[in-house]
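Below: one structure, written as structure tokens.
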Amino acid sequence: MSHLQNLLLDTLLGTKHVDSAALIKLQERSLCVASPGFNIMPGDVRTLVNGFAKNPLQTRREGLYFKEKDYKCIRADDYSLYAKNENTGVVVVKTRLYLLVATYTEGMYPSVCVEATEKLGEYLRRKGN
């Protein structure tokens, strides 16, 4: 298991408030590592990358279509996208090299998912990633 995958499993899934997580390489627009069973299709990768390429206001207005669900965008800025669909959600944090993606499901605390994902994103940014 790679160092990056260990980071995902320990710092995100270890909270018990992140259902699945992945790192997407921004330059290649490809999946780098993911938690077991979390498959992100190329169309979903494009959606997430484009969410940051657009004006944040436009992303907030339009929302996200991710993993065959429409998500209402509740935060969109240069470094973070938060979106929800009923009791599930997706948190995306941008670093220099990666998009860090985390999802939560019903019964999990979105705030814990957000905090853990943002802290890992901050750690990766400090490391130059």
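Given (1) more than 17 Å from Ser111 (Cα to Cα); (2) surrounded by fewer than 19 Cβ atoms within 10 Å (Cβ to Cβ); (3) among the charged types (D, E, K, R), where does Arg75 come up short, assuming only one miss?
The one condition Arg75 does not meet is (1).
Tell me which of these Asn55 doesn't satisfy, since it passes every other one: (1) without any contact (Cβ under 8 Å) to a residue 40 or more places away in the chain; (2) under 11 Å from the mean Cα position of the chain (by Cα).
(2)
Being in a loop (DSSP other than H, G, I, E, B), surrounded by 13 or more Cβ atoms within 10 Å (Cβ to Cβ) and either charged (D, E, K, R) or at pLDDT 95 or above (or both) is the filter here; which residues of the stretch 44-72 pass it?
Correct list: Lys54, Lys67.
For the stretch 33-43, does any single residue satisfy the condition of being over 28 Å from Asn6 (Cα atoms), open to solvent by 20 Å² or more (accessible area, probe 1.4 Å), without any contact (Cβ under 8 Å) to a residue 24 or more places away in the chain and not basic (Lys, Arg)?
Checking the stretch 33-43: not a single residue is over 28 Å from Asn6 (Cα atoms), open to solvent by 20 Å² or more (accessible area, probe 1.4 Å), without any contact (Cβ under 8 Å) to a residue 24 or more places away in the chain and not basic (Lys, Arg).
Taking the stated definitions as given, is Lys119 at pLDDT 95 or above, open to solvent by 80 Å² or more (accessible area, probe 1.4 Å) and of a type outside the set (S, T, N, Q)?
Judged against the criteria, Lys119 is a match.
Would you check if there is a residue in the stretch 2-22 being open to solvent by 30 Å² or more (accessible area, probe 1.4 Å) and in a strand (DSSP E or B)?
There is no residue in the stretch 2-22 that is open to solvent by 30 Å² or more (accessible area, probe 1.4 Å) and in a strand (DSSP E or B).
Exactly one of these conditions fails for Val93: (1) open to solvent by less than 60 Å² (accessible area, probe 1.4 Å); (2) not in a strand (DSSP E or B). Give me its number.
Result: Val93 passes all but (2).
Step by step: first the residues of the stretch 1-17, then only those that are closer than 12 Å to Leu100 by Cα and not polar (S, T, N, Q), then the one that is modelled with the highest pLDDT. Which residue is that?
Leu12
The values are calculated or read from the model by the stated rules, or taken from the named source; none is laboratory data. Everything numeric here is computed off the predicted structure, so don't read it as measured data. In this analysis, Cβ positions are derived from the backbone assuming ideal geometry, glycine residues included, and neighbour counts consider all displayed protein chains. Each accessible area value is taken on the protein alone, full model and side chains, heavy atoms only, with ligands, DNA and RNA left out. Shrake-Rupley method; radii C 1.70, N 1.55, O 1.52, S 1.80 Å.
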